[in-house]
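Data first, discussion second: the structure below is written as structure tokens.
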Amino acid sequence: MLVDDIEIPNINHFPTQGASGGPIGLLNVEMISEVDFSAGGFCAAYRDRLSSVMSIKLREGNHDEFDGQLDIGMVGAGFVLEGPLHRGRGTWMMGARRSYLDLIVGAIGTGAVPKYSDVQGKLSWNLGPGHKLSLLGLGGFDHIAIKPGDGDENDDHVTADFDQYVLGATWQWLWSDKGYSTTSLAQTYGNFGVDVTEGQTPIPLYTNDSQEHEVALRHQGTYHWSPGHTLTWGLGLKGLFSDLGFYVAADTNRLNTYTPEYRMYQEVRTAKASAFLSYEHLLFQRLRTTLGLRYDYFAYTEQGDLAPRFSASWDLDAQTSINTSCGLYYQALPLSLLAQHPDNRQRQDLRAFHYVLGLNRRLTPSTRLTLEAYLKEYDELPYDPDDPTASVIDAFANVGSPVPGALVGGGKARSRGVELLIQKKLAQSLYGTFGYSYSVSRYTDLLGLERNRDLDNQHLLSTIVGYRPSPTWEFSGRWSFAGGRPYTPYDDALSTLMGKGIVQKELLNSRRYPSYHRLDLQMDYRRHYRHFNLVTFFSLLNAYNRANIYTYYWDKSENAQGRIDQWSILPVGGFELEF
């Protein structure tokens with residue numbers, strides 16, 4: 001993920017260490033101008049990522065006058081302020097938000113209150129002809145305390161604190177009518193603090209006390225030396241400074257295998273370096289081909305990876321194009337896994353082959369259709385020898401930082417599918433999107449058996465429809481559907497005997513939860529005054545009160561399987577003041 005060409009480890013509140021997960025977005029959407037997401041086959045400019053890339057551009061502040069927006073709703077409050085600098089030579093923009101979810105604790109059915117806040121800002125300054133400097137700052141601060149009895153599955157005391165920030169500068173240089181370059185320098189910091197104790201006692205069960213700090217320098221240049229010929233290159237250097245501390249009490253895992261106590265504290269000081277070169281050629285005014293090559297080196301593992309990539313786009317006519325791409329992709333394991341055992345540094349970097357074929361068609365001036373098929377083949381995935389049926393990488397999807405200790409490599413996986421997207425922009429009074437995807441994602445475990453991956457929903461569908469009959473009123477709705485996620489059934493007899501959840505390892509991820517579906521409705525009413533606008537909004541989440549399951553768990557008090565559902569029907573309202 002990149003924001004204004006600066007790599008961001010995570011753009012979510014309550015972040016997942018070593019991955020990009022998190023339940024609540026950190027960025028204020030009012031400050032975003034565009035988002036470019038590539039789910040596969042991305043070009044050589046992007047480094048050290050195995051599956052996808054998201055590039056976000058923040059807009060600049062108002063060049064002419066001071067503007068602002070204040071909003072207050074049932075879940076929090078925030079503001080965005082912006083204006084010009086020094087007679088229009090630059091602009092500034094900043095925003096902040098603060099949650100107060102404790103006011104709706106009863107509505108969401110939990111006694112545990114997540115608290116979060118964030119702040120972000122951008123300053124842009126024209127240094128002179130062809131030169132622009134941008135400064136970016138992001139910060140997020142999260143806390144939650146879960147006491148025994150706050151949730152159905154919780155018998156322990158959990159305290160979690162997460163802090164993260166990003167500070168960066170980007171220099172854009174248009175050095176001729178044929179070329180330009182972008183150079184960025186940034187530092188990122190993440191603090192992960194989690195403590196789990198047994199019930200009301202001070203007996204520790206799990207502790208994570210980790211800090212991850214990175215300093216990154218990134219340069220990218222583009223040169224059009226003649227019509228139809230473009231060369232792009234880039235260099236990158238990143239310093240990693242991490243203090244990683246984990247404690248896991250001795251226990252029996254979900255397979256009823258004893259796992260001894262684990263303690264680890266490591267100070268890691270290392271670096272990554274990268275370079276890439278890409279050549280784009282336009283043939284016959286319709287066929288555009290791009291050939292790329294990148295190299296990445298990680299000093300901590302002493303591994304270097306060379307990755308070729310290719311893409312082509314053929315314009316059939318003014319409305320239709322066919323696109324294809326393929327390539328080799330590498331990603332190093334996160335330091336939170338590599339540092340857990342000396343042998344982990346010998347594990348090979350994760351590797352994937354991408355093959356993508358797509359069709360773009362403009363159906364009307366305001367409607368576009370995209371159809372894409374893909375195949376991704378992964379290898380060198382890591383496994384935990386104490387839990388040989390599960391994928392360590394998939395454990396990140398369960399919003400946690402796995403602590404397996406020693407790892408075994410060589411695992412394989414495959415994902416394939418097809419995606420359809422139809423987008424209609426607001427041309428008169430109606431807008432909307434329709435998206436559907438079908439995919440199959442499986443991996444081979446250490447026993448040699450093929451399993452469904454944790455997030456293999458297979459069917460995903462989302463449709464959004466909006467209607468704006470006048471400048472005053474707007475009505476919108478979203479209906480989402482997802483096939484059931486795989487899960488592993490409990491061994492009821494053994495779980496009852498042990499008093500904790502023990503799964504049937506031979507049936508890992510062989511069952512599926514019920515399908516998920518939900519309807520959200522929203523109404524906006526806008527009043528225009530002389531010096532400001534007032535927007536009143538009201539949303540009804542999960543409008544028909546679908547009981548969507550979150551997970552099954554083993555209820556220790558009942559010594560039986562229990563069920564946790566996601567949010568029931570929830571009304572949310574608020575106000576926005578624009579001036």
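The values are calculated or read from the model by the stated rules, or taken from the named source; none is laboratory data. Computed from a predicted model, the values in this text were never measured in an experiment. All Cβ positions, even for glycine, are placed from backbone atoms using ideal geometry, and neighbour counts span all protein chains on display.
Miscellaneous remarks
- Meets criteria (assigned to a strand (DSSP E or B) and buried (at least 16 other Cβ atoms within 10 Å of the Cβ)) for residue 263: no
- Strands (runs of 3 or more DSSP E) fully within the range 1-107 counting 2 or more residues that are basic (Lys, Arg): 90-99
- Only one of the listed residues (78, 21, 40) is in contact with a Pro (Cβ under 9 Å, 6 or more places away or on another chain) and in contact (Cβ under 8 Å) with a residue 40 or more places away in the chain. That residue is 21.
- Residue within the range 493-516 that is closer than 30 Å to residue 264 by Cβ, β-branched (Val, Ile, Thr), assigned to a loop (DSSP other than H, G, I, E, B) and at pLDDT below 95 present: yes
- Among residues of the range 505-561, those that are surrounded by 16 or more Cβ atoms within 10 Å (Cβ to Cβ) and within 28 Å of residue 446 (Cα to Cα), counted: 7
- Extreme residue, farthest from residue 373 (Cα to Cα), among residues of the range 418-460 that are of a type in the set (Gly, Ala, Ser) and crowded, with 18+ Cβ neighbours inside 10 Å: 432
- Single residue of 279, 297, 265 found to be without any contact (Cβ under 8 Å) to a residue 24 or more places away in the chain and not hydrophobic (A, V, I, L, M, F, W, C): 265
- Positions within the range 162-212 being surrounded by fewer than 17 Cβ atoms within 10 Å (Cβ to Cβ) and of a type in the set (Asp, Glu), in sequence order: 163, 177, 198, 209
- Residue list for the range 440-484, filter: of a type in the set (Lys, Arg) and either modelled with pLDDT under 95 or over 23 Å from residue 545 (Cα atoms) (or both): 442, 451, 453, 468
- The selection criterion, being within 25 Å of residue 139 (Cα to Cα), modelled with pLDDT under 90 and surrounded by 16 or more Cβ atoms within 10 Å (Cβ to Cβ), holds for residue 113.
- Residue that is surrounded by the fewest Cβ atoms within 10 Å (Cβ to Cβ) [pool: residues in the range 73-82 that are at pLDDT 90 or above and aliphatic (A, V, I, L, M)]: 77
- Selection status of residue 454, in a loop (DSSP other than H, G, I, E, B), touching a residue at least 24 places away in the same chain (Cβ under 8 Å) and not aromatic (Phe, Trp, Tyr): yes
- Within the range 340-366, residues that are more than 20 Å from residue 383 (Cα to Cα) and exposed (fewer than 14 other Cβ atoms within 10 Å of the Cβ) have Cβ atoms under 6 Å from residues that are of a type in the set (A, V, I, L, M) and modelled with pLDDT of 95 or more in these pairs: 363/369, counting only partners at least 6 apart in sequence or on another chain.
- Filter result for the condition that a residue is of a type outside the set (D, E, K, R), assigned to a strand (DSSP E or B), under 24 Å from residue 213 (Cα atoms) and out of contact with any Lys or Arg (no Cβ under 6 Å at 6 or more places or on another chain), over 277, 237: 237
- Single unsatisfied condition, residue 250 versus (1) farther than 30 Å from residue 406 by Cα; (2) touching a Phe, Trp or Tyr at 6+ places or on another chain (Cβ under 8 Å); (3) modelled with pLDDT under 95: (1)
- One residue stands out among those in the range 45-89 that are under 30 Å from residue 293 (Cβ atoms) and among the β-branched types (Val, Ile, Thr): the one that is farthest from the chain's Cα centre (by Cα), which is 56.
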